[in-house]
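Below is a structure I'd like to ask you about.
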């Protein structure tokens, strides 16, 4: 009989795939970098094939790794659900979570996926609206928890910093046009305010091609090569590149993200999600904000 796959090895394997490096995976699974490297080597020895294409420090799963990833996630989910049902039988309930769309799509959903593995009986009702609207809903008791962009004048705890970047398709080079075509969120959004202020300080002529409440609307405009967009770095999808001063665009400030609860004490399930998000998302210290790299 073949030996069963070690779940600890699979957990580190999935962490490496999702984070893109052994270093990032080590922080996620709570082991040293060398220990995670040894786990990957052991797993490759058990499988009998390499699992990654290596390019410097970046690891991407090869075809064997992609196939194993499907099984690994399924096995880990079953294991986590079994343990959760036995260890935390009372951890069930509904949490109403608010988050702006640009954070929901790329920053938050992987985290919520991991929360669902740890708390399979929890239900999350997600509301995607601008930060100002979410804070109003929080005060009115219509949501329990909100991840929002902190405005400078607001006295909210800072969870993490997030880069604010310019992005566009490399083949169309919209940043070379004069005036600069830009697509931004609707008036009143802090991202729009920061982008306009940066362009005006730099005295860079621009024209507003699109004003949208939808992140996907802005991304579609950028992917069509019609404009440069400004958004959180975690929201930049594959196919767009980050732009900065090398491309003649002004430096953008950092966003400050806050995790806020309603007026009363959160119930048990909301408190569990709050603690989970605090661990998973913060604190984060970013480097230079004008890094240009393909995503």
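I'd like to know if the stretch 224-236 contains one or more residues that are crowded, with 16+ Cβ neighbours inside 10 Å, at pLDDT 90 or above and either assigned by TED's automatic domain parsing to the domain that holds residue 112 or out of contact with any helix residue (DSSP H, G or I) (no Cβ under 6 Å at 6 or more places or on another chain) (or both).
Yes - at least one qualifying residue is present in the stretch 224-236.
With the checklist (1) within 20 Å of residue 199 (Cα to Cα); (2) in contact (Cβ under 8 Å) with a residue 24 or more places away in the chain in hand, flag the one item residue 173 doesn't pass.
Residue 173 satisfies every listed condition except (2).
Here is a further query. Among residues belonging to the stretch 35-53 that are in contact with a helix residue (DSSP H, G or I) (Cβ under 7 Å, 6 or more places away or on another chain) and within 13 Å of residue 72 (Cβ to Cβ), point out the one that is surrounded by the most Cβ atoms within 10 Å (Cβ to Cβ).
39
Only one of (1) more than 21 Å from residue 280 (Cβ to Cβ); (2) assigned to a helix (DSSP H, G or I) fails for residue 4. Which number is that?
Among (1) more than 21 Å from residue 280 (Cβ to Cβ); (2) assigned to a helix (DSSP H, G or I), residue 4 violates only (2).
For a quick check of your reading: which strands (runs of 3 or more DSSP E) sit entirely within the stretch 122-198 and have at least 1 residues that are under 19 Å from residue 278 (Cα atoms) and either in the same structural domain as residue 276 (by TED's automatic domain parsing) or within 21 Å of the chain's Cα centre (by Cα) (or both)? Give the derivation first.
On the way: elements: 122-128, 145-149, 160-168, 180-185.
Result: 122-128, 145-149, 160-168.
On to the next question. Pick from the stretch 56-66 the residues that are more than 23 Å from the chain's Cα centre (by Cα) and surrounded by fewer than 14 Cβ atoms within 10 Å (Cβ to Cβ): which of them is farthest from residue 3 (Cα to Cα)?
Top of the filtered list is 56.
The values are calculated or read from the model by the stated rules, or taken from the named source; none is laboratory data. As the structure is a computational prediction, the values presented were derived from the model and not from experiment. Positions of Cβ are generated from backbone atoms using ideal geometry, with glycine treated the same way; all protein chains shown enter the neighbour counts.
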